[in-house]
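Q: Let me begin by handing over the structure; questions about it come next.
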Amino acid sequence: MKEIKSILQLYNSFKNSDEKCAIAQVVRVEESSYRREGARMLVFESGVFEGGISGGCLEGDALQRSQIAILKQRPSIVTYDTSKEQEIGVGLGCNGIIDVLISPISDESPMMKMLQKCVWERGEHIIATITALEGTWDAVSLGESFYYDANSSTLDNCPDADLKEFIQDKISEVQERKKSKTYHYESEGEKAGIFIELIPPQFHLAIYGDNYDVYPMLEMAKVLDWDVSLTGNIQKLKKEKLQSVKHLFPKDGEARPTIDERTAIILMAHDYKTDYANLKQLIKTPAPYIASLGPRKRFDKMVAEFKANGIEFSDTEQQRIFAPCGLEIGANTPEEIATSIFSEILGVFSGKTGGMLRDKSGPIHERT
């Protein structure tokens, strides 16, 4: 989501100029690639750009091709085989095949409005983009994108009924797998490639605490561009360090953060009774990650007190509570502890357990 925001910021800053632009987007990857499907870069005809489709080795060529697409006002698909260095003339770090769709953007193009919708409305968004066409197609064109409206379960503005039905069927699969994918449609000699992109909500960090160790947490969340809610003693907190906090709640007030399945919770009040009361309420939320700062014996005491009061956590609930929290990386300072906890949160959200990549057998990313 951070890249989408940066792209929109640049696009809006050029809105009053006469400069034309294009978007280059990774729509298919085979084997290894630094960036995965969905990675974007916005390119203006002057060469100004934002975002990226690789680790730096493809951007120069993609920029030139984007400028050509802007000049011709015609979308195209470019395939990069990064196992062949001579193809691009630079040393490439990956060994894979990458399809990049380059699409000119005009005032009539719906893409920027779709991306803006993804930023403004918290929720799961899906965009289907035509990445290949064979045969006689009158209703759709290469590079055309359609937004899936989850409320009505329909694909907006797709004029071909059969293609629309096919895409909507595959969207159900993407929603179930929680992973973007390219699909291939074929009917009576007509063929189409469709990249169905799942754009999940931004990660949300809900902090319950007001001591000095919350500030490294806020800085880390700012770097990662996560939404942040903080509940604590507002008078105690330094206002100049709260600029990245989107929602601020007094600890004695009734209002509380909205918690969903993309929320990570950190209980760090350093007050046993406060953390106990907060955990009692927050275990009822759908948050997959609830961290409790402090040693194991502190949490064991808390569990014993819950049990004495007739409250026992189910196995599923226990799996969502991380106490002690963080990865074991030898963290001591507040900044190091924040790094440890954020690493653990990312692991939980991605279904990984952590560890050194050099010890991992097989590819870094899941191959499709």
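The values are calculated or read from the model by the stated rules, or taken from the named source; none is laboratory data. Since the structure is predicted, the reported quantities are computational estimates derived from the model, not experimental observations. Positions of Cβ are backbone-derived with ideal geometry, glycine not excepted, and every protein chain shown enters the neighbour counts.
Q: Among the residues of the range 73-95, is there at least one that is closer than 20 Å to Ile4 by Cβ and either surrounded by fewer than 17 Cβ atoms within 10 Å (Cβ to Cβ) or modelled with pLDDT of 85 or more (or both)?
A: Yes, that holds for at least one residue.
Q: Let me ask something else about it. Looking only at the range 280-297, count how many residues are out of contact with any strand residue (DSSP E or B) (no Cβ under 6 Å at 6 or more places or on another chain), closer than 23 Å to Gly347 by Cβ and outside any loop (DSSP other than H, G, I, E, B).
A: Residues flagged as out of contact with any strand residue (DSSP E or B) (no Cβ under 6 Å at 6 or more places or on another chain), closer than 23 Å to Gly347 by Cβ and outside any loop (DSSP other than H, G, I, E, B) within the range 280-297 amount to 1.
Q: Return yes when Leu248 is surrounded by 13 or more Cβ atoms within 10 Å (Cβ to Cβ) and in contact (Cβ under 8 Å) with a residue 24 or more places away in the chain and no when it is not.
A: When the stated conditions are applied, Leu248 does not pass them.
Q: Across the range 304-322, which residue is nearest to the chain's Cα centre (by Cα) among those that are in a loop (DSSP other than H, G, I, E, B) and within 14 Å of Ala277 (Cα to Cα)?
A: So, considering only residues that are in a loop (DSSP other than H, G, I, E, B) and within 14 Å of Ala277 (Cα to Cα), the one nearest to the chain's Cα centre (by Cα) is Ile311.
Q: Among residues belonging to the range 1-53 that are of a type in the set (Val, Ile, Thr) and touching a Lys or Arg at 6+ places or on another chain (Cβ under 7 Å), point out the one that is surrounded by the fewest Cβ atoms within 10 Å (Cβ to Cβ).
A: Out of the qualifying residues, it is Ile7.
Q: Please indicate, with yes or no, whether at least one residue in the range 226-240 is assigned to a helix (DSSP H, G or I) and either of a type in the set (A, V, I, L, M, F, W, C) or surrounded by 14 or more Cβ atoms within 10 Å (Cβ to Cβ) (or both).
A: Yes: one or more hits.
Q: Let me ask another. Report whether or not Tyr147 is out of contact with any Ser or Thr (no Cβ under 8 Å at 6 or more places or on another chain), in a strand (DSSP E or B), closer than 29 Å to Phe349 by Cβ and not assigned by TED's automatic domain parsing to the domain that holds Pro286.
A: yes
Q: Considering (1) modelled with pLDDT under 95; (2) out of contact with any Cys (no Cβ under 9 Å at 6 or more places or on another chain), say which one Leu293 fails and leave the rest.
A: Going through (1) modelled with pLDDT under 95; (2) out of contact with any Cys (no Cβ under 9 Å at 6 or more places or on another chain) one by one, Leu293 breaks only (2).
Q: Would you mind stating whether Val119 is out of contact with any Gly (no Cβ under 9 Å at 6 or more places or on another chain), part of a helix (DSSP H, G or I), closer than 22 Å to Asp227 by Cβ and of a type in the set (Val, Ile, Thr)?
A: Taking the combined requirement at face value, the residue satisfies it.
Q: On the basis of being at pLDDT 90 or above and either closer than 23 Å to Glu121 by Cα or surrounded by 20 or more Cβ atoms within 10 Å (Cβ to Cβ) (or both), does Leu155 make the cut?
A: no
Q: Could you pull out the residue among Tyr208, Tyr212 that is exposed (fewer than 15 other Cβ atoms within 10 Å of the Cβ), within 22 Å of Met268 (Cα to Cα) and touching a residue at least 12 places away in the same chain (Cβ under 8 Å)?
A: Just a single option satisfies the conditions, and that option is Tyr212.
Q: Then there is this: Looking only at the range 304-333, which residues are surrounded by 15 or more Cβ atoms within 10 Å (Cβ to Cβ) and either of a type in the set (Gly, Ala, Ser) or more than 23 Å from Ile345 (Cβ to Cβ) (or both)?
A: Result: Phe306, Ala323, Gly326, Ala331.
Q: Same structure, new question: Taking the condition of being under 21 Å from Lys2 (Cα atoms) and in a strand (DSSP E or B), how many residues in the range 241-251 meet it?
A: The total comes to 1.
Q: From the list Lys301, Lys284, exactly one residue is surrounded by fewer than 16 Cβ atoms within 10 Å (Cβ to Cβ), basic (Lys, Arg) and within 27 Å of the chain's Cα centre (by Cα). Which is it?
A: Lys284
Q: Which pairs do you get when a residue that is farther than 15 Å from Ile97 by Cα, found in the range 62-81, comes within reach of a residue that is in a helix (DSSP H, G or I), reach meaning Cβ atoms under 8 angstrom, with the pair 6+ apart or on two chains?
A: Pro75/Ala69; Ser76/Arg65; Ser76/Ala69
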